[in-house]
Amino acid sequence: MTDSTSSTSRPRILSGMRPTGKLHLGNYMGALYNWVKLQHDYECYFFIADYHALTTDYADPGQVKQNIFEVAVDFLSAGLDPAKCTVFVQSHVPQHAELHLLLSMITPVSWLERVPTYKDQQEQLREKDLATYGFLGYPLLQSADILLYQPRYVPVGQDQVSHIELTREVARRFNYFYSPKRVVPESQGGTGLTEPDPDKLLLPEPDVLLTPSPKLPGLDGRKMSKSYGNSILLSDQPGTVLQKMAGMSNGGQRPTQHDPGDPAICPVGDMHRLFSPQDVVDHISNGCRTAAIRCDECKVMAAGSINQHLQPILQRRVELERDPDAVWNALDLGAVRAAARAEQTMLAIRAVTGLSRDRSGVRVDSGLLPKDQPQIRDLSNFKDWWETAPAVLARNLRELWKKEILPSDRVLKPDAEGVWITRNNQRMYVAVATESGEGKTWTFSVKPKSYEMLVLLCWGEDLALRDFVVPQKLFLAQWVAAKKRAGKENIVFSVSREEGRFLLNLPEAAGIDITDTEANYTIIPSN
Ligand code: TRP
């Protein structure tokens with residue numbers, strides 16, 4: 001791509017709008033006007049949230065496509081330029097739905113019930129049955145919309161802030177489960193515990209880019225809203241704007257035109273402050289306060305200023321309406337670009353959630369436990385190792401384990417002696433012991449560091465090797481305590497066999513059952 005949408009050095013932003021039909025000046029000033037400015041400085045994704053429209057209009061989707069078209073025409077005529085930013089329809093990029101589903105797996109229902117817009121909207125739209133799963137999930141779908149593109153910022157108005165907060169919480173929870181982990185030792189100011197590596201987050205948390213939302217009253221002085229029928233549309237012709245403005249409320253001031261008024265509390269004054277040049281604002285302000293101009297004159301001037309602003313928009317609209325295919329084609333192009341970006345995120349997410357179509361790493365199990373497959377772990381050929389010095393034995397057994405036992409698609413990066421780093425950056429220590437004379441126990445001695453998993457190689461008197469792959473969650477608390485007590489000494493612990501079970505005995509706590517971790521390599525990610 002040679003156009004400016006391909007620039008990756010600009011911070012990425014994303015925002016969406018529900019297709020409610022032709023946009024009014026409130027929608028425009030509250031979002032689109034800003035987006036048009038942002039497209040020059042950011043890598044932008046702007047979309048029409050048609051799935052979101054269905055959360056409330058599911059019973060009556062007949063208008064959805066028409067509304068999409070109208071909003072698209074509004075976007076483009078307002079100045080969003082497909083050569084500068086990516087404009088698309090949400091449902092044309094089905095990864096939105098896919099990520100929403102995956103996020104729904106990890107999102108507590110209570111988080112959604114707590115979002116303030118949930119109850120508010122249900123009350124405001126009483127005529128609709130919004131006790132649905134989809135409506136509860138509205139803000140989570142929005143989280144998926146956002147996180148899919150890993151944007152730095154989300155430009156929205158104040159009313160959407162709670163949805164961005166939810167998005168950040170969901171991202172944090174997702175990263176906690178699935179992002180590559182690291183450990184920063186306490187000696188380096190870290191917690192010594194496993195945490196998502198901030199440089200490798202699958203879903204970085206975006207920030208709100210708060211859109212300035214100037215006060216834009218409707219014709220009756222209340223907030224401009226489609227449902228109040230008090231709107232001026234972005235697509236209104238100059239004559240319509242003039243006519244609508246002539247009927248605009250002046251806030252109940254100036255009972256007669258000889259009475260002065262206060263433009264600071266007049267809805268028409270608000271329009272001037274948004275759309276008129278400063279000299280006109282000064283002129284009507286003085287005229288109003290001194291009763292030197294009449295309200296109808298003031299309204300005509302406000303209409304003139306609005307029309308001035310809308311004139312280039314109307315002109316682009318005329319061209320677009322002459323060629324509706326160009327509008328649909330722009331959306332098609334946008335969907336292709338958006339899907340390319342979205343798919344990058346989804347590939348990584350499918351991989352960590354076990355949904356990739358990569359076949360490697362799937363073991364075909366005979367159903368027999370390793371102890372029943374002595375050919376794999378039978379080390380009788382190596383019985384002269386039995387008497388070698390512990391350090392030599394440890395090196396040999398680790399070597400053998402890595403070559404013969406560790407599944408070959410698990411790639412480990414060598415670290416310190418006996419320490420390897422997994423593909424998701426977990427530290428693994430491979431410890432070795434031979435069965436001791438006093439009975440069925442293996443005694444290990446390990447440096448007092450943090451490990452996210454221990455591989456315990458227990459070589460028995462029967463010359464069979466048992467390999468336990470023990471995740472940190474089984475030993476973390478006890479290990480932290482043992483580490484504290486050990487100071488600079490090694491931590492000495494054992495594995496014992498009791499009634500067919502294998503128990504890990506740490507200094508602080510005996511009897512952690514590790515039987516089921518035998519030969520279980522599922523916790524080490526494959527490629
Ligand atoms: N909920 C937003 C609104 O009502 C629309 C929206 C959907 C959105 N998905 C989004 C906004 C993602 C920003 C980012 O205006």
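Label zone of residue 121 (point 7 Å out along Cα→Cβ, amide N under 16 Å): in the range 134-158 this covers 134-146, 156-158.
So between residue 101 and residue 498, what do we pick up on full extension, going 0.36 nm a residue minus the alpha carbon distance?
138.5 nm
For the range 61-164, the set of GluC sites (Glu not before Pro) satisfying both a DSSP loop assignment and a count of at most 16 other C-beta atoms within 10 Å is given as 127. Projected onto their three principal axes, the Cα atoms of the range 454-520 cover extents of 35, 22, 20 Å, largest first. For the pair residue 399 and residue 486, label points projected 7 Å from Cα toward Cβ lie 2.6 nm apart. The lysines within cross-link reach of residue 22, meaning a Cα-to-Cα straight distance under 18 Å and a gap of 8 or more places when in the same chain, are 65, 223, 226, 244. Stokes-Einstein diffusion of the range 69-155 at 20 °C, 1.002 mPa s viscosity, Kirkwood radius from Cα pairs, rounded to a whole number: 142 µm²/s. Hey, what angle do you get for helix 95-106 against the long axis of the chain, alpha-carbon based, 0 to 90 degrees rounded to 10? Tilt relative to the chain: about 60 degrees. For the peptides 404-414, 166-176, the ranking by mean Cβ contacts within 10 Å, running from highest to lowest, is 166-176, 404-414. Between the listed residues 198, 380, 46, the Cα displaced farthest toward the positive end of the dipole of the chain, a dipole computed from Cβ unit charges relative to the Cα centre, is found at 198. For the range 389-430 versus the range 475-527, the spacing of their alpha-carbon centroids is 17 Å.
Checking the cross-link pairs 37/119; 84/128; 181/447; 413/449; 37/215 against a 28 Å limit on the alpha carbon distance flags 37/119; 84/128 as lying beyond it. Semi-axes of the equivalent ellipsoid of the range 145-293 are 53, 17, 12 Å, computed as sqrt(5λ) over the eigenvalues of the C-alpha gyration tensor in descending order.
For the range 233-263, the residues whose backbone nitrogen is under 20 Å from a point 7 Å from the Cα of residue 314, taken along Cα to Cβ, are 233-248. For the peptides 12-24, 391-403, the ranking by packing is 12-24, 391-403, with the highest mean count of neighbouring Cβ atoms within 10 Å listed first.
If you take every DSSP beta bridge fully contained in the range 147-269, what fraction is antiparallel? Give it as a percent rounded to 5.
Approximately 50 percent, going by the DSSP bridge assignments.
May I ask for the distance between the Cα centers of the range 97-168 and the range 246-298, given as a whole number of Å? One Cα centre to the other: 41 Å.
Gain on full extension, evaluated as 0.36 nm per residue between residue 129 and residue 321 minus their Cα-Cα distance, stands at 65.5 nm. Around residue 56, what is the net charge, scoring Lys/Arg as +1 and Asp/Glu as -1 over all other residues with Cβ under 11 Å from its Cβ? Result for the neighbourhood of residue 56: -2.
Between the helical axis of 324-352 and the longest alpha-carbon principal axis of the chain there is an angle of about 20 degrees. Taking the Cα centre of the range 365-523 as origin and assigning +1 to Lys and Arg Cβ atoms and -1 to Asp and Glu Cβ atoms, the resulting dipole is close to 820 debye.
In terms of its C-alpha gyration tensor, the range 400-522 comes out oblate, because a/c is 1.5 or above while a/b does not outweigh b/c.
Tell me the angle of helix 295-322 to the major Cα principal axis of the chain, expressed in degrees between 0 and 90 and rounded to the nearest ten. Relative to the chain, helix 295-322 is tipped by roughly 60 degrees.
Please give me, ordered by residue number, the chymotrypsin sites (Phe, Trp or Tyr not before Pro) of the range 8-77 that lie in loop per DSSP and have at most 15 other Cβ atoms within 10 Å. Walk me through the numbers on the way to the answer.
On the way: sites: 28, 33, 35, 42, 45, 46, 47, 51, 58, 69, 75; in loops: 42, 58.
Qualifying residues, ordered by number: 58.
Note on the chain: with charges restricted to the Cβ of Lys and Arg (+1) and Asp and Glu (-1), its dipole about the Cα centre is near 640 debye. When the P(r) of the chain is calculated, the portion above 46 Å amounts to 37% of the C-alpha pairs. Both the radius of gyration and Dmax for the range 380-442 are 13.4, 39 Å, in that order, over alpha-carbon atoms. Applying a 4.7 Å Cβ-Cβ cutoff to the chain, the cysteines left without a disulfide-compatible partner are 266, 288, 295, 298, 458. Once the chain from residue 513 to residue 114 is taken as fully extended at 0.36 nm per residue, the excess over their C-alpha distance is 139.6 nm.
In plain terms, the residue of 272, 40 with the fewest other Cβ atoms within 10 Å comes first and the most crowded comes last, giving 40, 272.
Can you tell me what share of the DSSP beta bridges in the chain is antiparallel? A percent to the nearest 5 is fine.
Working: 35 of 57 bridges.
Percentage antiparallel, nearest 5: 60.
How charged is the neighbourhood of residue 16? Take every other residue with its Cβ under 13 Å from the Cβ of residue 16, and add Lys/Arg as +1 and Asp/Glu as -1. Residues near residue 16 contribute -1 overall.
Both radii are taken from the alpha-carbon atoms of the range 226-313; with Rh as the Kirkwood radius, Rg/Rh is 0.97. Take the Cβ atoms of residue 225 and residue 527, set R0 to 60 Å, and the FRET efficiency comes out at 0.65.
Values in this text are rule-based calculations from the coordinates and carry no lab data. What you see is a predicted model; the values in this text were computed from it and never measured. Using ideal geometry, Cβ is built from the backbone for each residue, glycine included, and neighbour counts are taken over all protein chains shown.
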